[in-house]
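> Below are the structure tokens for one structure; questions will follow.
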Amino acid sequence: MNTSLFEIESSKPLPKDVFGVGTAVLSGFALSVESELLSSLKGIAERSPFRNMVTPGGFRMSVAMTNCGRYGWVTDRTGYRYDHIDPETRQPWPDMPASFLQLAVASAEAAGFPAFSPDACLINRYEPGARLSLHQDRNERDFSQPIVSVSLGLPAMFLFGGLERVDKTQRIRIVHGDVLVWGGPARLRYHGIAPLRHGEHDLVGSIRYNLTFRNAG
Ligand code: MD3
Ligand code: FE
């Protein structure tokens with residue numbers, strides 16, 4: 001068990017609900033475990049490499065993805081789904097590393113979701129210019145479970161809308177080590193990432209990674 005995570009948790013009041021009920025921005029919450037996360041990530045990508053998936057509409061995504069855990073999120077011409085098998089390797093996705101699981105559960109708990117049980121971790125890799133257009137995450141079975149997002153590497157502009165696509169969006173800059181939690185009434189809010197700006201991160205290089213932990217069911 002990594003104690004520094006809990007030192008952070010108990011020593012600082014956490015700014016919650018900045019985007020409304022069910023949201024929490026835990027600034028720097030992942031910093032104390034950054035090297036464990038990055039080395040685990042390397043091991044995952046060796047077994048299930050990052051790839052640019054194709055949307056049902058036929059577009060190649062600018063964000064490259066892989067997964068770990070019991071389920072992985074995939075998209076192809078037939079649609080979006082969670083699958084136990086990586087379609088590229090035809091093997092199960094790599095196990096979720098203990099460092100990932102521990103951070104995800106501690107983050108959800110700090111945000112007021114003590115029963116989070118992630119069985120899927122989608123890993124997004126952004127190169128400069130890559131973006132994720134406004135969408136909802138609704139392929140999971142149980143919307144009472146939150147989503148936990150961990151950002152590593154280059155900063156990003158996060159777009160956060162409402163329950164309808166047309167609702168106005170707020171933006172915040174998220175940086176290396178930030179953890180965001182979305183649950184309850186925020187669980188189905190639209191969100192996205194603006195095109196990644198060029199830059200260089202000391203530890204990660206010219207890349208942004210995002211780990212999103214979910215209970216896919
Ligand atoms: C708000 N990823 O993988 S994480 C995704 O930074 C995704 O790569 C973005 O959106 C990224 O689906 C944003 C933050 C996030 C994730 C899920 C949410 C915010 C959310 C679900 C509901 C509301
Ligand atoms: Fe999403």
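The values are calculated or read from the model by the stated rules, or taken from the named source; none is laboratory data. Note that the structure is predicted; figures quoted are calculated from it, not measured. For neighbour counting, all protein chains shown are included, and Cβ atoms are generated from backbone atoms with ideal geometry for every residue, glycine included.
> Among the residues of the range 167-179, are any within 15 Å of ligand 2 (Cβ to nearest atom) and among the small types (Gly, Ala, Ser)?
There is no residue in the range 167-179 that is within 15 Å of ligand 2 (Cβ to nearest atom) and among the small types (Gly, Ala, Ser).
> Kindly provide the set of residues from the range 129-178 that are hydroxyl-bearing (Ser, Thr, Tyr), within 11 Å of ligand 1 (Cβ to nearest atom) and not in a strand (DSSP E or B), ordered by number. I'd like the intermediate steps shown before the answer.
Our first condition is that a residue be hydroxyl-bearing (Ser, Thr, Tyr); within the range 129-178, this holds for 133, 144, 149, 151, 169.
So of that shortlist, the ones also within 11 Å of ligand 1 (Cβ to nearest atom) come out as 133, 149, 151.
Scanning the range 129-178 gives no hits.
> I would also like to ask the following. Taking the range 182-217 as the region of interest, how many residues are more than 13 Å from ligand 2 (Cβ to nearest atom) and of a type in the set (Val, Ile, Thr)?
Result for the range 182-217: 2.
> Could you check the range 129-155 and list, in sequence order, the residues that are crowded, with 16+ Cβ neighbours inside 10 Å and at positive phi?
Gly153, the sole residue that qualifies.
> Mind counting the residues in the range 75-98 that are among the aliphatic types (A, V, I, L, M) and over 22 Å from Leu37 (Cα atoms)?
Qualifying residue count for the region: 1.
> Please enumerate the residues belonging to the range 56-96 that are in contact with a helix residue (DSSP H, G or I) (Cβ under 6 Å, 6 or more places away or on another chain) and touching a residue at least 60 places away in the same chain (Cβ under 8 Å).
Correct list: empty.
> Could you check how many residues of the range 97-112 are in a loop (DSSP other than H, G, I, E, B) and either buried (at least 22 other Cβ atoms within 10 Å of the Cβ) or among the acidic types (Asp, Glu) (or both)?
Total meeting the criteria: 1.
> Give Gly112, Gly205, Gly184, Gly177 a once-over and let me know the one that is at positive phi and under 13 Å from the mean Cα position of the chain (by Cα). Spell out how you get there, then give the answer.
Details: Gly112 fails: under 13 Å from the mean Cα position of the chain (by Cα); Gly205 fails: under 13 Å from the mean Cα position of the chain (by Cα); Gly184 fails: under 13 Å from the mean Cα position of the chain (by Cα).
Within the list Gly112, Gly205, Gly184, Gly177, the selection yields Gly177.
> At pLDDT 95 or above, among the basic types (Lys, Arg) and in contact with a Lys or Arg (Cβ under 9 Å, 6 or more places away or on another chain) - does that describe any residue in the range 110-125?
There is at least one residue in the range 110-125 that is at pLDDT 95 or above, among the basic types (Lys, Arg) and in contact with a Lys or Arg (Cβ under 9 Å, 6 or more places away or on another chain).
> Right, next: Take residues that are among the polar types (S, T, N, Q) and within 15 Å of ligand 2 (Cβ to nearest atom) and tell me which of the strands (runs of 3 or more DSSP E) falling wholly in the range 48-88 contain 1 or more.
Strands (runs of 3 or more DSSP E) meeting the threshold: 64-69, 72-76.
> I would also like to ask the following. What are the residues in the range 187-217 that are within 8 Å of ligand 1 (Cβ to nearest atom), in contact with a Gly (Cβ under 7 Å, 6 or more places away or on another chain) and farther than 11 Å from Asp137 by Cβ, if any?
Hit for the range 187-217 is Arg208, nothing else.
> Taking the conditions exactly as written (outside any strand (DSSP E or B), touching a residue at least 40 places away in the same chain (Cβ under 8 Å) and touching a Lys or Arg at 6+ places or on another chain (Cβ under 7 Å)), does Leu196 satisfy them or not?
yes
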